[in-house]
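A short worksheet on the structure shown next.
The values are calculated or read from the model by the stated rules, or taken from the named source; none is laboratory data. No experiment lies behind these values; they were computed from the predicted model shown. We place every Cβ from the backbone using ideal geometry, glycine too, and count neighbours over all the protein chains shown. These accessible areas exclude ligands, DNA and RNA; they are computed on the full protein's heavy atoms, side chains included. Shrake-Rupley method; radii C 1.70, N 1.55, O 1.52, S 1.80 Å.
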Amino acid sequence: MATTERKPILLDFEKPLAELEARISQIRELAEVNSVDVSDQIHQLESRAQQLRQEIFTSLSPAQRIQVARHPRRPSTLDYIQAISEEWIELHGDRRSGKDDPAMVGGIARFEGRPVVMLGHQKGRDTKDNVTRNFGMAAPGGYRKAMRLMEHADRFGMPIFTFIDTPGAWPGMEAEQMGQGEAIAYNLREMFRLEVPILCTVIGEGGSGGALGVGVGDHLMMFEHSVYYVASPEACAAILWKDAARANQAAEALKITAWDLKQVGILDQLLPEPIGGAHADPLMAAETLQQALSQNLARLLQMSGDQRRDRRYEKFRQIGEFTEQTEAHI
Amino acid sequence: MSLFDWFANRRKASPISQERQERDIADGLWTKCEQCGVLAYTRDLRANQQVCPECGHHHRIFSEERIYQLIDADSWQPLDRQIMPQDPLRFRDRKTYHDRLRDTQTKTHLSDAVQTGLGQLSGEPVALGVMDFRFMGGSMGSVVGEKLTRLIERGTADRLPVVIVCASGGARMQEGMLSLMQMAKISAALERHRAARLLYVPVLSHPTTGGVTASFAMLGDIILAEPSATIGFAGRRVVEQTLREKLPEDFQTAEFLLHHGFVDQIVPRTQLKSILAQLIRLHRPVTSLKPVQSAADDAVEPLRARQALRPSLFVPQDSSSA
C-alpha cells in the first residue's frame, strides 16, 4: 500500500478542500504559538472539510472520475493481491513470445484458505516503475500469459480473480506483429470454456478491448470511482468530434461509470470506496474487495462447472439493445 | 525539359480526351481504377468482381454484391432482417446517433452494418454473415452483435459451417460499452460452434480493425484475407503517435499478417468462392472408411493419372525455363 507520509497528490477538483485543510493547520499553528484555545473552531472547520470532501466525491463528473481512476496513488493489482491473500507466488511468462510482460501480472494465491489464481494489469507505482510496466498496457504476451495461468487454474480447479486496470492494450508496432487482436480474441473465446469460477473486478481504468481481454467472467464488479469504456474519451473525441479537447464531453456521452454500466446490465456489483477514493484509505478498499470476492465466490462454488459456463454464456448473451419489428415494416 | 516531362505534360494537357473520360465516368459507363488509373467498362469490372483487370486492385464492394458473388443464385435466405438499432445512450456527437442511424438507413437501405443468412455456396450449405462498410464504417454495435450471434447459434444448431466477411472499423462508440460487450457475446457463440467441431472461416476484407480484429475476425479455424486489405488492432495513426515514427508501408496489410502468421491465405476475390467451397468440402465429415468420391476432380484417381494431370509433380523445378 502507498505510505501515508508521502505528500498527497491533489486533483484539481480537490483544490477547495486542500485550501480549507491548509487554513485549519494554519489556525492550529497560530493558536499554538499564542496559546489560545481554538479547539471548537477547529472542530467545526474539520467537520466542514469532511462534508466538503463527501460532497465533492459523491458528485464527481465522469471526467473527474477518470482522474480518480487514474490517480497515481490508486491501489494497483499487486497491492490488492497482497492485501487480500494469505500467500502469493507470482508466475511469469507465456512460454511463447520469448519475453515476460510486466504490464500483466499473475500467480497463485491463497484466499481464505483456498488456492486461487489471481491476475491483472499492473500499472507502475512511480514514473520509473510505470515505464517498466508500460503504464499497464499489456502486449500480446501479457494476454497469453494470463490465458496460460487461467488454463492452469482450470486444470487444478482453482477459481480465477482478475483485476482490470489499463488504459488499453499496447498499440505498438511489435504488438501488432505479435497479434494483439488474436491474443485478446483468443481469451474472449476461451474464458467461456473454463469451468472454474471467474470473478472480474475493475479496480481503476477499464480501457476497451485491453480490459475485456481478461474481463469475461461469472461476476463483474467495479470500484465506485473506476471507469470502463469502449474507447478512451480522448480517442473518442478525436474521432467523433475531430477535436481531442472535447474529451470531457465524450466522457459524459460514453457512459463509463459504474452506475451507467449497472443500468444497461453489464455490471453486477458496485464496490463503494472510502471517501476521497481508494487511495485515501487503501486498506479499507481492500477489505471491501475481499468481502465481495468472498461472498460471490461462495455462491459460485455451489454450482457445477457446466452450470457456471451456461450462466456465463447467458449473462453475455443478453447484453445489447435493439428492437425487433415485424417483417412488414421493412 | 526532358523528353519524359514533355510526354507527361502533353498527357495532362490533352483536353478532349480528359473531358470525354470524365463524362463517361460520370455516366457510370467507365470506372477509373483508383490504384492504376486505367479505365475499365463498369460492366466488365463488375463481371470481374470489382477487381481491376489491369492491376488486380480490389475495389471496395458492399454486402449485397458480396452475397451475390458467394451464394448460388436463388439460394439466399436472409435472417433477422427485423432487428433494428436503438439509441440506448441517447448519444450525441456533432450529430445525434438517432439522426445518424436514420440518415444512414435511408442512404444505404440497410438496417445496420451486417447482413446474415443461409445459402448454398457452390452447393454447400453455409451460414454467411457479411459486414457492410457503408453503414457507419461497418462498426459493431448491438445489432451487429446480435445478428452475428444468432447466425453462429443457427450454424451450431443446424451443424453448418459459418463464414463471416469482415469489413469494420471496430466497435461502435455511439453505443458505448454495449458495443464492447458484443465482442465477448460473439466469441461465446463461436466457442460453442467450435466445441461442436464445426468450421468457421472469417474473410478479412478492407478494412478489418479494432474490436472486430480483437474478436471474431481472429477466431477462425482458417482465416482468409483479401489482397492489400488493412487488418490490425490499433489504428495506424495511434501506433504512429505512440512510436513517433513513420511505419513501414505494408504495416497492417493482409500481406503483413500473412508474413507474421496470422492469416492462412490471401485469396483474390475472383477465387474466393472456389477456395471457400474447397475448404468446406475438405471439412465435411467422412462417414465411410472407404475412399469417397469427392466433388473435386482429382481426389481419388490413381497416382499415375494424377502425375499426368500435374506434370510438375516430383519434377525438379528448372529455374531457367521460367
*Under 6 Å between Cβ atoms, at least 6 apart or on separate chains: pull out the pairs that start in segment B:243-257 with a residue that is closer than 15 Å to B:Phe233 by Cα and end on any residue that is modelled with pLDDT of 85 or more and part of a loop (DSSP other than H, G, I, E, B).*
B:Thr253/B:Ser228; B:Ala254/B:Ala229; B:Phe256/B:Asp250; B:Leu257/B:Val263
_segment B:259-282, subset open to solvent by 70 Å² or more (accessible area, probe 1.4 Å) and within 14 Å of chain A (Cβ to nearest Cβ), residue farthest from B:Arg197 (Cα to Cα)_ = B:His259
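In this structure, is A:Gly157 outside any helix (DSSP H, G or I) and surrounded by fewer than 20 Cβ atoms within 10 Å (Cβ to Cβ)?
Against the criterion (outside any helix (DSSP H, G or I) and surrounded by fewer than 20 Cβ atoms within 10 Å (Cβ to Cβ)), A:Gly157 qualifies.
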*Filtered residues of segment A:193-206 (kept if buried (at least 24 other Cβ atoms within 10 Å of the Cβ) and either charged (D, E, K, R) or facing chain B (nearest Cβ under 10 Å) (or both))*: A:Glu205, A:Gly206
*Yes or no: A:Met303 farther than 30 Å from B:Gln105 by Cα and either crowded, with 21+ Cβ neighbours inside 10 Å or not assigned by TED's automatic domain parsing to the domain that holds A:Asp79 (or both)?*
no
*asked:* Give all pairs with beta carbons closer than 6 Å in which a residue from segment B:78-89 that is within 7 Å of another protein chain (Cβ to nearest Cβ) and farther than 18 Å from B:Gly176 by Cβ meets a residue that is surrounded by fewer than 16 Cβ atoms within 10 Å (Cβ to Cβ) and among the acidic types (Asp, Glu); count only pairs at least 6 apart in sequence or on separate chains.
replied: B:Gln82/A:Glu324; B:Gln82/A:Glu327; B:Ile83/A:Glu324
*asked:* Given (1) touching a helix residue (DSSP H, G or I) at 6+ places or on another chain (Cβ under 6 Å); (2) modelled with pLDDT under 95; (3) away from chain B (no Cβ under 14 Å), identify the lone condition not met by A:Ala286.
replied: (2)
*Residues satisfying the stated conditions in segment A:249-265, i.e. under 15 Å from the mean Cα position of the chain (by Cα) and in contact (Cβ under 8 Å) with a residue 24 or more places away in the chain*: A:Ile256, A:Thr257, A:Ala258, A:Leu261
*If you go through segment B:32-43 one residue at a time, do you hit one that is assigned to a loop (DSSP other than H, G, I, E, B) and touching a helix residue (DSSP H, G or I) at 6+ places or on another chain (Cβ under 8 Å)?*
no
*Taking the residues in segment A:170-191 that are open to solvent by less than 10 Å² (accessible area, probe 1.4 Å) and not in a helix (DSSP H, G or I) as candidates, determine which candidate is modelled with the lowest pLDDT.*
A:Gly172
_Failed item, numbered, when B:Cys55 is tested on (1) part of a loop (DSSP other than H, G, I, E, B); (2) touching a Ser or Thr at 6+ places or on another chain (Cβ under 8 Å); (3) surrounded by fewer than 16 Cβ atoms within 10 Å (Cβ to Cβ)_ = (2)
*Out of the residues in segment A:266-283 that are buried (at least 19 other Cβ atoms within 10 Å of the Cβ) and within 14 Å of chain B (Cβ to nearest Cβ), which is nearest to the chain's Cα centre (by Cα)?*
A:Leu267
_Among the residues listed as B:His109, B:His98, the single one being within 11 Å of chain A (Cβ to nearest Cβ), surrounded by fewer than 17 Cβ atoms within 10 Å (Cβ to Cβ) and modelled with pLDDT of 95 or more_ = B:His109
_Looking at the structure I just gave you, is A:Gln122 within 21 Å of A:Leu283 (Cα to Cα) and free of Cβ contacts under 8 Å to residues at least 40 places away in the same chain?_
no
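So which of A:Ile108, A:Ile84 ends up being surrounded by fewer than 24 Cβ atoms within 10 Å (Cβ to Cβ) and in contact with a His (Cβ under 9 Å, 6 or more places away or on another chain)?
Just a single option satisfies the conditions, and that option is A:Ile108.
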*Inspect segment A:305-312 for any residue being within 14 Å of another protein chain (Cβ to nearest Cβ), at pLDDT 95 or above and under 18 Å from the mean Cα position of the chain (by Cα) and give the result as yes or no.*
no
*Residues of segment B:223-248 being in a loop (DSSP other than H, G, I, E, B), open to solvent by 20 Å² or more (accessible area, probe 1.4 Å) and more than 9 Å from every other protein chain (Cβ to nearest Cβ), which ones?*
B:Pro227, B:Ser228, B:Arg244, B:Lys246
*If you take the residues of segment A:242-265 that are small (Gly, Ala, Ser) and not in a loop (DSSP other than H, G, I, E, B), which of them is nearest to the other protein chains (Cβ to nearest Cβ)?*
A:Ala253
*Give the residue, chosen from B:Leu160, B:Leu180, B:Leu151, that is in contact with a strand residue (DSSP E or B) (Cβ under 6 Å, 6 or more places away or on another chain), more than 9 Å from chain A (Cβ to nearest Cβ) and in a helix (DSSP H, G or I).*
B:Leu151
_Tell me the residue from B:Glu175, B:Glu191 that is free of Cβ contacts under 8 Å to residues at least 12 places away in the same chain and either buried (at least 20 other Cβ atoms within 10 Å of the Cβ) or over 18 Å from B:Leu79 (Cα atoms) (or both), please._
B:Glu191
*Report, by residue number, each residue of segment A:207-241 that is within 10 Å of another protein chain (Cβ to nearest Cβ), assigned to a helix (DSSP H, G or I) and open to solvent by 10 Å² or more (accessible area, probe 1.4 Å).*
A:Ser208, A:Ala235, A:Ala238, A:Ile239, A:Leu240, A:Trp241
*Within segment B:206-222, considering residues that are more than 7 Å from chain A (Cβ to nearest Cβ) and either at pLDDT below 95 or open to solvent by 10 Å² or more (accessible area, probe 1.4 Å) (or both), the one nearest to B:His259 (Cα to Cα)*: B:Ile222
_B:Gln115 of a type outside the set (D, E, K, R) and surrounded by 24 or more Cβ atoms within 10 Å (Cβ to Cβ)_ = yes
_Looking only at residues that are in a loop (DSSP other than H, G, I, E, B) and basic (Lys, Arg) in segment B:76-95, which one is most open to solvent (accessible area, probe 1.4 Å)?_
B:Arg90
